[in-house]
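The values are calculated or read from the model by the stated rules, or taken from the named source; none is laboratory data. What you are looking at is a predicted structure, and each value in this text was computed from that prediction instead of being measured. Cβ coordinates were reconstructed from backbone atoms using ideal geometry, including for glycine residues, and neighbour counts include every protein chain displayed. Keep in mind that these areas ignore ligands, DNA and RNA; they rest on the heavy atoms of the full protein, side chains included. Shrake-Rupley method; radii C 1.70, N 1.55, O 1.52, S 1.80 Å.
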Amino acid sequence: QVQLVESGGDLVQPGGSLRLSCAVSGSLVSVFLMGWYRQGPGKQRELVADSRISGSTNYAASVKGRFTISRDNAKNTVYLQMNSLKPEDTAVYYCNAKLGTYDFWGQGTQVTVSS
C-alpha cells in the first residue's frame, strides 16, 4: 500500500519561507507524477506544482518564481520550497502521487501565513 506523509507546515510571517516534505512509502517516488495541491478556507483544492518523471515541472501562476518542487529519489521524498510567502498562500497543502489510474493522497499539512 502506497502511503504519503506530509510534514513541514507551520505558522509563518508574510515574506517568510517554509519547506514542505512528502515521504513516500510502499513504492518508489521515481515512478510517479508527484504533485503538491492546496485547499484554502472556503476554496476548492488547486494544483500548486507538479514534477514529472521526465524531470519537467509545472507551477500555478500564483506561485511561479516563489515555490520550487523537487524530488530526492534516494530518500523517496518530494519537497516544496516556498519563499516570499503571502497571506493568500494560507491553506492545507496535500501531496499527491499519480501513476495511470492510481491516485494517492497524503493527509495534508497546514500552512498559515500571518503577522
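If we only count strands (runs of 3 or more DSSP E) wholly inside the stretch 19-61, which ones have 2 or more residues that are touching a helix residue (DSSP H, G or I) at 6+ places or on another chain (Cβ under 9 Å), at pLDDT below 95 and open to solvent by less than 50 Å² (accessible area, probe 1.4 Å)?
Filter on the stretch 19-61 gives an empty set.
To keep it simple, each residue is scored yes or no on (1) touching a Gly at 6+ places or on another chain (Cβ under 7 Å); (2) touching a residue at least 24 places away in the same chain (Cβ under 8 Å); (3) under 17 Å from THR109 (Cβ atoms).
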position	(1), (2), (3)
SER27	no, yes, no
VAL31	no, yes, no
LYS43	no, yes, yes
VAL48	no, yes, yes
SER54	no, no, no
ASN58	no, no, no
GLY65	no, no, no
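Can you pull out the residues in the stretch 98-113 that are among the polar types (S, T, N, Q), surrounded by fewer than 18 Cβ atoms within 10 Å (Cβ to Cβ) and part of a strand (DSSP E or B)? Spell out how you get there, then give the answer.
Taking the stretch 98-113 and keeping what is among the polar types (S, T, N, Q), we get 101, 107, 109-110, 112.
Going one step further and asking which of them are surrounded by fewer than 18 Cβ atoms within 10 Å (Cβ to Cβ), we end up with 101, 107, 110, 112.
Selection gives GLN110, THR112.
Yes or no: the stretch 74-94 includes at least one residue that is more than 19 Å from VAL113 (Cα to Cα), touching a Leu at 6+ places or on another chain (Cβ under 9 Å), open to solvent by 50 Å² or more (accessible area, probe 1.4 Å) and at pLDDT below 95.
So in the stretch 74-94, the residues more than 19 Å from VAL113 (Cα to Cα) come out as 74-78.
Retained after the next criterion (residues that are touching a Leu at 6+ places or on another chain (Cβ under 9 Å)): 76, 78.
Okay, now just the ones that are also open to solvent by 50 Å² or more (accessible area, probe 1.4 Å), so none.
No: zero hits.
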